[in-house]
1. Stretch ARG66-SER31 to full length: gain in nm at 0.36 nm per residue minus the Cα-Cα span?
2. Using heavy-atom solvent-accessible surface (probe 1.4 Å) with all chains present, what is the largest-first order of TYR59, TYR93?
3. When the expected Rg is taken as 2.2 N^0.38 Å, what fraction or multiple of it is the alpha-carbon Rg of the range 25-75?
4. For the chain, what's the radius of gyration and Dmax over Cα atoms, in angstrom?
5. In 5 Å bins starting at zero, report the fraction of Cα pairs in the range 66-115 per bin as a rounded %.
6. If R0 is 22 Å, what FRET efficiency do you get for ILE47 and SER115 from their C-beta distance, rounded to 0.05?
7. Using a simple charge model, +1 on the beta-carbon of Lys and Arg, -1 on the beta-carbon of Asp and Glu, nothing else, what dipole does the chain show about its Cα centre, in debye to the nearest 20?
Amino acid sequence: QVHLVESGGGRVEPGGSLTLSCAPSRPLATSEQLAWYRQGPGKERDIVASITHDGIKGYVGAVKGRFAISRDIATNTVYLQMNDLTSEDTGIYFCNAFMGSQFTWGQGLQVTVSS
């Protein structure tokens, strides 16, 4: 079973930046991917960004141009760089791995955008 170690998050003022990281317990294999989801207050959990084993990236429209997902193969870590944050970005961010034909969730990171 894959384990995910998340780090990052916190509080930032509007317009600020934060970086989240997620390290799975083994490297991605072919057809596997990692993604970031977020759940805002009173909202459902929705996907924000994803990256495949081949490095193909995807973003939800609301974060395009502001968020960037990347992968450091050497450290087996996926990052979510979040820029120009707004209050709408507030929520719990979860790393999700589709690995070994199973979905695995991280514990979640609180991101609060507030002045």
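The values are calculated or read from the model by the stated rules, or taken from the named source; none is laboratory data. None of the values given here were measured: they were computed from a predicted structure. Methodologically, a virtual Cβ is constructed for each residue, glycine included, from the backbone with ideal geometry; neighbour enumeration extends over all protein chains shown. Surface areas here come from the heavy atoms of the whole protein model, side chains and all, with no ligands, DNA or RNA. Shrake-Rupley method; radii C 1.70, N 1.55, O 1.52, S 1.80 Å.
1. 10.0 nm
2. Accessible-area ranking of TYR59, TYR93, largest first: TYR59, TYR93.
3. With N residues counted in the range 25-75, Rg over 2.2 N^0.38 Å equals 1.26.
4. 13.4, 43
5. Calculated P(r), rounded to whole percents: 5, 16, 20, 26, 17, 10, 4, 1, 0.
6. 0.20
7. The calculation lands at about 60 debye.
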